[in-house]
């Protein structure tokens, strides 16, 4: 499969001498793949994201996004990448929802009419047409993230990068945001990279998971079904297995056996019925 992102062992040293070294295995994202970077706070997830976006350059190692060094040649690939930051307020330019989503097309040379048409299309696709004339400042956290996502996808990028997209959201908003991401990814056929520390949600959207430890090691890769049942491995990364996984691991220890390892409610119900 076509490789969108390829990162070999790299090291970054911040001005305060903090050193982040992500080595162990290659980080690969293929076309159409949804990849989650899972790890505790301070593990290096955001550092990895910033290298993908060309915001940082490694002191050692190699970063390739769409075949180029994103730090040196980001202008060549920036229209292919949509981004939603952890703090969405930093990227919402406003003042209204419609004007905010129109910003990227206008910035890339589309006319006012073309930009408005593109923005209205993605806003309708996201089911937030009722918000188009609302002032950004008065939106809820979940609404702001939807607007930021609409702005990130209005130019039909090939890669979507989300840094801690569930931060500050309530459970209902998290579920809605995941459904929206999955819906859009299926319709637009784009690749996705999501950094998160939320083990309860990762199985809802990811095809592939990478674990980053608090020691800045990137050394475990697999599907959610494989990794979420590695309880000892998760402990090594200062993470706990999701509630459903914890339940079925406990049931197995008391003598129950199951044909599969459930990772969501639907699979858990099916397994318990057998």
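The values are calculated or read from the model by the stated rules, or taken from the named source; none is laboratory data. This structure is a prediction, so every number in the text was calculated from the model and none was measured. Note that we place each Cβ from the backbone using ideal geometry, even for glycine, and neighbour counts take in every protein chain shown.
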### Those helices (runs of 4 or more DSSP H) lying entirely in the stretch 45-145 with at least 1 residues buried (at least 20 other Cβ atoms within 10 Å of the Cβ), touching a strand residue (DSSP E or B) at 6+ places or on another chain (Cβ under 9 Å) and in the same structural domain as residue 168 (by TED's automatic domain parsing)
45-52, 70-77, 97-107
### Task
Pick out the one residue from 206, 148 that is closer than 24 Å to residue 79 by Cβ and in contact with a helix residue (DSSP H, G or I) (Cβ under 8 Å, 6 or more places away or on another chain).
148
### Task
May I ask you to verify whether residue 179 is in contact with a helix residue (DSSP H, G or I) (Cβ under 9 Å, 6 or more places away or on another chain), in the same structural domain as residue 80 (by TED's automatic domain parsing), closer than 21 Å to residue 159 by Cα and without any contact (Cβ under 8 Å) to a residue 24 or more places away in the chain?
yes
### Message
Tell me yes or no: at least one residue of the stretch 31-44 is in contact with a helix residue (DSSP H, G or I) (Cβ under 9 Å, 6 or more places away or on another chain) and farther than 18 Å from residue 192 by Cα.
### Response
no
